[in-house]
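Read through the structure below, which is laid out as structure tokens, and then see the notes.
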């Protein structure tokens, strides 16, 4: 199930980071689905490199969306028309590729040899085989000026209440899985805003890692250590021990646009957050049902481009 989230009023920017490859499987692992997935990925990269539109058209999902280095999101038709050169390919010398399989959804993360360029590809298993649903590219230091959230100090219309992700998501999920993923998303900023490692652990998978061109890599272990140290030192975070429903949150950015895909045990989301200076942060997040809790397993962010 998929649908749009239109002009959401307030949001929370989660999961900022850049890169150390996450704990995953190298593509040579023995999962029986991986040969077909790897073959599809290589065929797609070859089609992009050679400009062969026929196989590219077949390998892209009908819902395909591509977030480029300028932070803009492009359709399948635009991808086929433009044939962009990938910021990094699995065939590049020294490239490191990891894979996470979650039944109908698989994640491929490709990292350049110098660690400065990264691509997340979200593949979905259709009746005809693996199809690329989402591709998100980032490169270090790609933004000319730091991304800044719209906030109460410089925007009289901004809110300081955590409404979008923490307390109220002004959008009705259409399925139980979507509802569970949104609930998980709501709890992440509450956990980080309260320096609550137990809550963070519940809603984030052990393999979770956050990438972004505007900061450093954040793994679950690193975030847990930060929250634990702060809590042990008596730091209750920006919520000051008073998390939602009555939070005090520092200037969350709005979410302008979003789209959800429900694959049952896996929920995928792409959203775009505009900033005060007119730039956009485009983010891909994936949640997986683990022991009846949808946990975030990856977050991929590109902060760049002008609002559209």
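The values are calculated or read from the model by the stated rules, or taken from the named source; none is laboratory data. Computed from a predicted model, the values in this text were never measured in an experiment. Cβ sites come from the backbone with ideal geometry, for glycine too, and all protein chains shown count toward neighbours.
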Counting only residues that are more than 16 Å from residue 285 (Cβ to Cβ) and part of a helix (DSSP H, G or I), which one in region 191-218 is modelled with the lowest pLDDT?
193
Is it the case that region 91-99 has a residue that's buried (at least 19 other Cβ atoms within 10 Å of the Cβ), modelled with pLDDT of 85 or more and touching a helix residue (DSSP H, G or I) at 6+ places or on another chain (Cβ under 7 Å)?
yes
Give the residues of region 49-62 that are without any contact (Cβ under 8 Å) to a residue 40 or more places away in the chain and under 19 Å from residue 91 (Cβ atoms), sorted by residue number.
50, 51, 52, 55, 56
Does region 131-139 include one or more residues that are assigned by TED's automatic domain parsing to the domain that holds residue 50 and loosely packed, with under 15 Cβ neighbours inside 10 Å?
no
The residue from 180, 176, 230, 221 that alone is modelled with pLDDT of 85 or more, surrounded by fewer than 21 Cβ atoms within 10 Å (Cβ to Cβ), within 30 Å of residue 139 (Cα to Cα) and not assigned by TED's automatic domain parsing to the domain that holds residue 135 is 221
Just to be sure before I move on: is residue 264 closer than 29 Å to residue 102 by Cβ, part of a loop (DSSP other than H, G, I, E, B) and at pLDDT 90 or above in the structure I sent?
yes
Limited to region 273-296, what total is found for residues that are surrounded by fewer than 24 Cβ atoms within 10 Å (Cβ to Cβ), at pLDDT below 80 and part of a strand (DSSP E or B)?
2
Which of the residues that make up region 93-115 are out of contact with any strand residue (DSSP E or B) (no Cβ under 6 Å at 6 or more places or on another chain) and closer than 16 Å to residue 209 by Cα?
101, 115
Scan 13, 54, 29 and give me the residue that is modelled with pLDDT under 50 and surrounded by fewer than 15 Cβ atoms within 10 Å (Cβ to Cβ).
29
